[in-house]
């Protein structure tokens, strides 16, 4: 007798939507990157001196999420690596996602691993780890590209010590050379940096503008032609995914996720064609996943701040001043046996939550009492609860 899983397996195997769904994933680098020709050429012009065995300038790349920064960087470096091999030039490319490797130790350990230098997982001082990296790197004549993606996450958590060391590493090298490529979504990131690091890291700067709806449509069509079975996707679906993503800062990653998840929903439902209804369902599913993942990855005090806003809104409705929120936050923190952050720091965290689209803030006039910042949650309470409930201490408040 067939059970429900057997029926599901049969249904999925009968439906043929995808040829290769991985083509719709953000980490897939196609052979052609539409509407980024200018940025590809600019980056290549900056890095091409490496083919003459000269150290290229450090590059700092800015742009919103999903504007092609990482894809263009990997594409250009891959082409340079291929050309370098033809000319007998020894290149090392270290790609580090600082959202995952978010401490100075992890970054340096990762760099050591790239050049096959064995170091312990923990236990060394940063100075000793850096010394070992320099010594191992300088054993041969080579040029190393260090790509620090989402570098703002590293600096905000661990400071700019490793950036300071890396931007001055060439003074300590005799044989090898190092060039750094920093990538960030935070347009104000350089404000966090020591001025000496800022000037050294940003020898060249490159800004990636958001994609518009027409450009996103071209990108989706190029990927969809290879990812889906012929006839499984309509131009209307591609247009809708592009339009939704264009409204959200021109995020190609968001557009690709929408298209892929819409196809997966169609597959689960046993449909042989992706329609606009599948895109709407995918939009709801991705919005929930995005909010939950963002909140789960936040520092503890940011989570406590969100919990505080949630609790005050549940009791008194939306729209409260920073001072009112801080009072609730302080009480919760004390229940945890911790010291609260300063009110100024909490105000900064509220601004960060506003940038992330979790709260909405506005300045209102209170007449002779001056002006106040009002904050309200703009994501569903169910998403907040799902994000925080994994911590049993917070779960008791929910």
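The values are calculated or read from the model by the stated rules, or taken from the named source; none is laboratory data. Just so it is clear, the model here is predicted, and its values are computed rather than measured. Glycine also receives a Cβ, built like all others from the backbone with ideal geometry; neighbour counts cover every protein chain displayed.
Below are the figures for this structure:
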| quantity | calculated |
| --- | --- |
| The lone exception for residue 286 - which of (1) at pLDDT 90 or above; (2) in contact with a helix residue (DSSP H, G or I) (Cβ under 7 Å, 6 or more places away or on another chain); (3) within 30 Å of residue 239 (Cβ to Cβ) it fails | (1) |
| Count - residues of the stretch 318-371 that are in contact (Cβ under 8 Å) with a residue 60 or more places away in the chain and crowded, with 18+ Cβ neighbours inside 10 Å | 2 |
| So residue 95, is it within 26 Å of residue 293 (Cα to Cα) and under 20 Å from the mean Cα position of the chain (by Cα) | yes |
| Some residue of the stretch 62-73 being free of Cβ contacts under 8 Å to residues at least 24 places away in the same chain and assigned to a helix (DSSP H, G or I) | no |
| Residue 26 vs. criteria touching a residue at least 40 places away in the same chain (Cβ under 8 Å) and outside the structural domain of residue 264 (by TED's automatic domain parsing) | yes |
| Number of the condition not met by residue 31 [criteria: (1) outside the structural domain of residue 155 (by TED's automatic domain parsing); (2) free of Cβ contacts under 8 Å to residues at least 24 places away in the same chain; (3) in contact with a helix residue (DSSP H, G or I) (Cβ under 8 Å, 6 or more places away or on another chain)] | (3) |
| For residue 135: the one exception among (1) within 22 Å of residue 199 (Cα to Cα); (2) at pLDDT 95 or above; (3) out of contact with any strand residue (DSSP E or B) (no Cβ under 7 Å at 6 or more places or on another chain) | (1) |
| Scan of the stretch 289-307 for residues that are loosely packed, with under 14 Cβ neighbours inside 10 Å and in contact with a helix residue (DSSP H, G or I) (Cβ under 6 Å, 6 or more places away or on another chain), ordered by number | 296 |
| Residues of the stretch 74-85 classified as touching a residue at least 60 places away in the same chain (Cβ under 8 Å) and either outside the structural domain of residue 186 (by TED's automatic domain parsing) or loosely packed, with under 15 Cβ neighbours inside 10 Å (or both), total | 0 |
| Residue 274 vs. criteria surrounded by 19 or more Cβ atoms within 10 Å (Cβ to Cβ) and touching a residue at least 40 places away in the same chain (Cβ under 8 Å) | yes |
| All positions within the stretch 163-182 that are more than 20 Å from the chain's Cα centre (by Cα) and either outside the structural domain of residue 95 (by TED's automatic domain parsing) or closer than 18 Å to residue 61 by Cα (or both) | 164, 166, 167, 178, 179 |
| The stretch 35-53: number of residues that are surrounded by fewer than 18 Cβ atoms within 10 Å (Cβ to Cβ) and not in a helix (DSSP H, G or I) | 2 |
| Residue that is nearest to residue 146 (Cα to Cα), among those in the stretch 229-241 that are at pLDDT below 95 and surrounded by 20 or more Cβ atoms within 10 Å (Cβ to Cβ) | 233 |
| Hey, residue 378 modelled with pLDDT under 90, in contact with a strand residue (DSSP E or B) (Cβ under 7 Å, 6 or more places away or on another chain), on the phi < 0 side of the Ramachandran plot and surrounded by 12 or more Cβ atoms within 10 Å (Cβ to Cβ) or not | yes |
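Residue-by-condition table, conditions (1) within 25 Å of residue 190 (Cβ to Cβ); (2) in contact with a helix residue (DSSP H, G or I) (Cβ under 8 Å, 6 or more places away or on another chain); (3) surrounded by 20 or more Cβ atoms within 10 Å (Cβ to Cβ):
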{"position": "69", "(1), (2), (3)": "yes, no, yes"}
{"position": "87", "(1), (2), (3)": "no, yes, no"}
{"position": "99", "(1), (2), (3)": "yes, yes, no"}
{"position": "110", "(1), (2), (3)": "yes, no, no"}
{"position": "115", "(1), (2), (3)": "no, yes, no"}
{"position": "132", "(1), (2), (3)": "no, yes, no"}
{"position": "139", "(1), (2), (3)": "no, no, no"}
{"position": "150", "(1), (2), (3)": "yes, no, yes"}
